[in-house]
Amino acid sequence: MKNTRHYLDNSATTSLDARVIFAMHQFEKKYYGNPSSIHREGQEARARIDFARASIAQFFGAKSQEIIYTSGATESNNLAIQGVVDYHLRHKKTRPHIITTELEHHSVYNVVKQLKARGAVEATFVKPNRNGLITPDKILKNVRTNTVLISVIFVSNEIGSVLPIREIGKLLTIHNSQLKSKVLFHTDAVQAVKFYNCNVDKLGVDLLTFSAHKIHGPKGIGGLFVKTGTKLEALMHGGSQEYDLRPGTQNTIGIIGMAKAYELLGSLDDRQKNAEKIKKIQKLFLTSLLKNNRVILNGPTGDDRAPDNLSVSIKGIDSDTLIAKLDLAGIAASTGSACVSGSTEPSHVIKALGKPDRRAAVLRLSLDIDSKFVKIL
Ligand code: PMP
């Protein structure tokens with residue numbers, strides 16, 4: 001009997017694209033030098049990671065020198081937030097204030113919580129409405145005189161909410177132009193790059209987090225867009241790589257794979273066409289799941305929801321049992337963020353929707369262009 005698997009956990013990670021593997025393989029065979037070395041082998045590797053930098057920069061409408069390679073989105077989020085706070089603490093006398101949301105990935109949420117618990121910052125966590133959405137004015141109305149940073153996720157990895165980054169960016173630009181001190185704007189765009197316009201000028205962001213392994217690139221590589229003139233401190237100390245913001249020999253093979261993965265995402269038009277195709281698969285799952293009266297949808301509907309995400313609560317079963325049953329039936333799914341699997345508590349994101357039912361399982365299905373509909377319940 002053929003053992004068909006349905007991999008429906010593409011927000012946790014994706015398979016490596018064969019063209020990415022090929023690009024990485026070709027590179028590593030030839031360009032193994034350390035990009036900081038001044039001999040030919042080093043300089044050849046350097047030229048290729050800088051070419052990759054230019055190509056990734058183009059995807060985001062940024063300048064090459066505004067792209068900092070990191071070990072992934074977790075590090076990028078830490079660098080963005082802690083870097084801005086550390087710079088402020090070193091150069092200014094006031095305690096900084098950060099605005100973020102209850103929809104953030106743990107690599108933003110827990111960083112801000114830690115900084116607050118240590119007394120390093122004041123922080124506001126903006127709650128979404130019952131549908132998992134936040135309006136721009138709900139963010140902006142929390143700005144104080146000591147606010148230094150606003151960090152808002154672009155697309156929720158758990159419930160698929162698409163947040164109004166562009167509109168927040170516009171309002172913040174107006175706000176900043178009326179003030180002497182500048183409030184910086186960061187977005188975690190890890191789950192957004194697949195379908196949405198991530199041009200940094202259009203979004204009005206100073207800092208933007210991205211990674212590779214959610215778009216069929218390798219794990220352990222990501223980056224942070226840092227707009228020219230944005231002041232932040234490095235998290236680690238060592239060599240002067242990555243414009244003094246991220247010491248350590250670059251993950252050259254990962255960088256080549258990441259650049260290829262971004263190239264393969266194609267134009268915005270291509271990505272929007274993919275979004276339309278995936279939306280049709282999403283609809284099949286949604287219609288089928290919502291026929292069951294034990295199921296309720298978590299998060300928004302329509303264009304406010306990313307086309308690849310489905311998150312539902314299912315009464316009468318616990319999450320671990322459900323995921324194990326689905327796995328045995330050949331379906332790889334998750335309860336939400338892979339970073340907290342093992343926890344029996346509903347996540348802070350589900351709790352923020354205001355209706356957590358501890359006896360209900362949370363099921364997240366995250367689709368890809370080649371996902372096939374399969375009956376879940
Ligand atoms: N932000 C978002 C929105 C994510 O989905 C993830 C991955 N779950 C991360 C950050 C962290 O990425 P990584 O584990 O690659 O550091």
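See the values below:
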read-out	value
Residues satisfying the stated conditions in segment 61-82, i.e. open to solvent by less than 30 Å² (accessible area, probe 1.4 Å) and more than 16 Å from the ligand (Cβ to nearest atom)	Ala62, Glu66, Ile67
Matching residues, segment 75-107, being in contact (Cβ under 8 Å) with a residue 60 or more places away in the chain, within 23 Å of Ile134 (Cβ to Cβ) and of a type in the set (Ser, Thr, Tyr)	Ser76, Thr101, Ser107
Every residue from segment 275-303 that is open to solvent by less than 70 Å² (accessible area, probe 1.4 Å) and part of a helix (DSSP H, G or I)	Ala275, Ile278, Lys279, Ile281, Gln282, Phe285, Leu286, Ser288, Leu289, Gly302
Positions within segment 356-368 being surrounded by 13 or more Cβ atoms within 10 Å (Cβ to Cβ), assigned to a loop (DSSP other than H, G, I, E, B) and at pLDDT below 95, in sequence order	Pro356, Asp357
Complete set of residues in segment 83-106 that are within 13 Å of the ligand (Cβ to nearest atom) and either more than 12 Å from the chain's Cα centre (by Cα) or open to solvent by 10 Å² or more (accessible area, probe 1.4 Å) (or both)	Thr100, Thr101, His105, His106
Check on Ala80, in the same structural domain as Pro218 (by TED's automatic domain parsing), over 18 Å from Ala259 (Cα atoms), touching a His at 6+ places or on another chain (Cβ under 8 Å) and not basic (Lys, Arg)	yes
Filtered residues of segment 249-267 (kept if exposed (fewer than 15 other Cβ atoms within 10 Å of the Cβ) and not small (Gly, Ala, Ser))	Thr249
In segment 12-34, the residues that are within 16 Å of the ligand (Cβ to nearest atom), closer than 15 Å to Tyr262 by Cβ and part of a loop (DSSP other than H, G, I, E, B)	Thr14, Leu16
Subset tally (residues that are crowded, with 17+ Cβ neighbours inside 10 Å and modelled with pLDDT of 95 or more) for segment 324-347	4
Residue identified as under 29 Å from Thr335 (Cα atoms) and aromatic (Phe, Trp, Tyr) among Tyr7, Tyr69	Tyr7
Leu133 vs. criteria of a type in the set (A, V, I, L, M, F, W, C), touching a strand residue (DSSP E or B) at 6+ places or on another chain (Cβ under 7 Å) and either surrounded by fewer than 20 Cβ atoms within 10 Å (Cβ to Cβ) or without any contact (Cβ under 8 Å) to a residue 24 or more places away in the chain (or both)	yes
Filtered residues of segment 22-41 (kept if under 30 Å from Ile369 (Cα atoms) and without any contact (Cβ under 8 Å) to a residue 60 or more places away in the chain)	Phe22, His25, Gln26
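The values are calculated or read from the model by the stated rules, or taken from the named source; none is laboratory data. Computed from a predicted structure; not experimentally measured. A quick note on method: Cβ atoms are made from the backbone with ideal geometry, for glycine too, and the neighbour counts reach across all protein chains shown. With ligands, DNA and RNA removed, areas are computed over all heavy atoms of the protein, side chains included. Shrake-Rupley method; radii C 1.70, N 1.55, O 1.52, S 1.80 Å.
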